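The values are calculated or read from the model by the stated rules, or taken from the named source; none is laboratory data. Not measured: the values here are computed from a predicted model. Positions of Cβ are generated from backbone atoms using ideal geometry, with glycine treated the same way; all protein chains shown enter the neighbour counts. Side chains included, ligands, DNA and RNA excluded: accessible areas come from the protein's heavy atoms. Shrake-Rupley method; radii C 1.70, N 1.55, O 1.52, S 1.80 Å.
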Amino acid sequence: MTILVTGGAGYIGSHMVVKLANRGYDVVIVDDFSNSQEQIIERINRLCNQQIKLYRLNLCSLAECNRMFSENDFDAVIHFAGSKSPTESVRNPLKYYHNNIFSTLNVLTAMKEYSVKKFIFSSSATVYGEPEQIPITEQMPLKAVNPYGRTKIMIEEILRDMYSASPDTAIAILRYFNPVGAHSSGEIGELPTGIPNNIMPYLSQVTAGILAEFPITGTDYDTRDGTGVRDYIHVDDLVEGHLAALHRMDRVTDLFTVNLGTGQGYTVREIISAYEKASGIPIATRTVDRRPGDIAQCYADVTLAKTELGFTAKLTLEDMCSSSWNWQSKNPNGYE
Ligand code: UD1
């Protein structure tokens, strides 16, 4: 089976490529390296023990996208490519609508043209906005609070319309909670550009001495210690969830929407303690204002993933923190 992984040089995409190749799939990466570094390809190839076929192109070009499909015989597409910063999307909404929507439309158009019938989409728990209740089930209303989140909702809508028109296509919409951690080898991991927005890369850079202290963005939430609660899932478990979705497509041809999380929420303070324990290094913190748009608690109801995909996340918070620290401490200069 040949799988096209769009955004295969990115954080989650790279872990997906390594997992697929090591399970015997033929993999093709497409990436424009707008938010990733070319040097990761060498690491990926080493972890896969082979040269993975790579297209360096922007999926917003339909001609380029079609050319790639014409040169390969893809069985499935896993679509990670897209811009992903909620904050940036508020400042530059057109970039988000342009990149995320056009690229997806082009991939879907090429899939139609070349009769590729399996599609897995990286959605996000961000589509639930401020949830009315937790744990969050897949049936809860969708209401994003920023353009990034709205692109995810729009693409989900496009996929539902597309499936209605082409019910012979298997589509999986995977709503990720908070992916963290790194590959067990320490060779690939999350590498944000500039000062990280997300908790785990920020903690790793404070622990490494690159940043001075960790800003806790809000200590007055209605949670057990006042800090935000999230459902963190190890990136290795997350990509296993994609494999489970791919296997399900051998049995069922439908449009399937599922949460990928652990079902367990941790506070910011709990994450900091776990990171200190994993690294053996104390983390300096300071309390700052809440970030606009942040919610108090968010964690998944994972029943559907279990019953329909046979998927349960296995790795613990300790695994998430220790793999993150292993990656950070082995690669103080990223992929250079
Ligand atoms: C964010 C995005 C979400 C995206 C996800 C990817 C927003 C509003 N949401 O989720 O769309 O899918 O990342 O992983 O940006 N925190 C601090 N200090 C920091 C950073 C974060 O205390 O410097 C706290 C936050 O208040 C939150 C928790 O850590 O309680 C997790 O934050 P973060 O890693 O940014 O993820 P989300 O905001 O949940």
As I understand it, the value is the acute angle between the Cα axis of helix 103-113 and the longest principal axis of the Cα atoms of the chain; what does it come to in degrees, rounded to 10? 30
Kirkwood hydrodynamic radius of the chain, from inverse mean 1/r over distinct Cα pairs, in Å: 20.2
Counting only other residues whose beta carbon sits under 10 Å from that of Lys117, what net charge do I get with K and R as +1, D and E as -1? 0
For Cα pairs less than 8 Å apart in space and 6+ apart in sequence, what is the mean separation divided by the residue count of the range 53-200, i.e. the relative contact order in percent? 25
Taking amide H positions as placed 1.01 Å from N in the peptide plane, with prolines and chain starts having none, which residues 5 or more places from Thr137, or on another chain, fall under 5 Å of its amide H? Asp301
Quick one: net charge around Ser61, please, counting Lys, Arg +1 and Asp, Glu -1 for every other residue with C-beta under 13 Å from its C-beta. 0
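Would you tally the net charge around Gly334, using a Cβ to Cβ cut-off of less than 11 Å, leaving Gly334 out, and scoring K and R as +1, D and E as -1? Working shown, then result.
Details: positive: Arg43, Lys330; negative: Glu190, Glu336.
It works out to a net charge of 0.
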Give the residues of the range 1-34 whose amide nitrogen is closer than 19 Å to a point set 7 Å from the Cα of Asn49 in the direction of its Cβ. 1, 15-28
I'd like the Karplus ³J(HN,Hα) series for the range 299-304: coefficients 6.51, -1.76, 1.60, θ = phi - 60°, whole numbers in Hz, and an x wherever there's a Gly or Pro. 8, 8, 7, 9, 4, 5
Taking the Cα centroid of the range 283-336 and of the range 49-111, what is the distance between the two, rounded to the nearest whole Å? 25
Using alpha carbon centers only, the range 1-44 is separated from the range 175-235 by a whole-angstrom value of 23
What residue among Gln297, Gln39, Gln139 shows peak mean-square fluctuation when the chain is described by a Gaussian network model with Cα springs under 10 Å? Gln139
Amide H contacts under 5 Å for Tyr55, placed H, 5+ residues apart: Ile29, Val30, Asp31
If the cut-off is 12 Å between C-alpha atoms, which aspartates and glutamates fall inside it for Lys143, apart from same-chain ones fewer than 8 positions away? Glu130, Glu132
Expected 222 nm ellipticity per residue - DSSP helices of 4 or more, -39500 (n - 2.57), all of the chain, to 500: -11500 deg cm²/dmol
Karplus-derived 3J(HN,Hα), 6.51/-1.76/1.60, for each residue of the range 241-255, Hz, glycine and proline x: x, 5, 4, 4, 5, 5, 5, 4, 5, 6, 9, 10, 10, 8, 9
Tell me, what % of the accessible area of the chain is carbon and sulfur with a 1.4 angstrom probe? 48
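About its Cα centre, how strong a charge dipole does the range 1-153 have in debye, to the nearest 20, once Lys and Arg get +1 and Asp and Glu get -1 at the Cβ?
Numbers: 16 positive and 14 negative charges, 23 e Å.
The calculated dipole for the range 1-153 is roughly 120 debye.
Output the pairs from Lys19/Lys330; Lys112/Lys314; Lys277/Lys314; Lys53/Lys330 with a Cα-Cα distance over 29 Å in this structure; if there are none, say none. Please report the intermediate quantities before stating the final value.
On the way: Lys19/Lys330 21 Å; Lys112/Lys314 36 Å; Lys277/Lys314 20 Å; Lys53/Lys330 27 Å.
With Cα atoms farther than 29 Å apart: Lys112/Lys314.
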Ignoring ligands and nucleic acids, what accessible area does His242 show with a 1.4 Å probe (Å², nearest 10)? 0
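Suppose a student asked you for the relative contact order of the chain, using Cα pairs under 8 Å spaced at least 6 residues apart; what percent would you report? If you can, show how the numbers build up before the last one.
On the way: 640 pairs, mean separation 61.7, N = 336.
Value for the chain: 18 percent.
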So how much slack lies between Glu42 and Ala208, counting 0.36 nm per residue of separation and subtracting their Cα-Cα distance, in nm? 57.3 nm
Between Glu38, Glu71, Glu113, which gets the highest mean-square fluctuation from a Gaussian network model of the chain, Cα cutoff 10 Å? Glu71
Check which residues have an amide H placed less than 5 Å from Ala76's amide H, if you skip close sequence neighbours. Thr2, Leu4
Residue separation times 0.36 nm, minus the C-alpha to C-alpha distance between Ser164 and Arg56: what's the value? 35.7 nm
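Relative contact order of the range 1-81: what whole-number percent is it, with Cα pairs under 8 angstrom and at least 6 residues apart? Don't skip to the end; give the middle numbers.
Numbers: 126 pairs, mean separation 34.1, N = 81.
Reported relative contact order: 42 percent.
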In order over the range 201-209: 3J(HN,Hα) from phi, Karplus 6.51/-1.76/1.60, θ = phi - 60°, whole Hz, x for each Gly or Pro, gives x, 5, 4, 5, 6, 5, 4, 7, x
Largest fluctuation, Gly261, Gly310, Gly129 only, Gaussian network model of the chain with Cα springs under 10 angstrom, belongs to Gly310
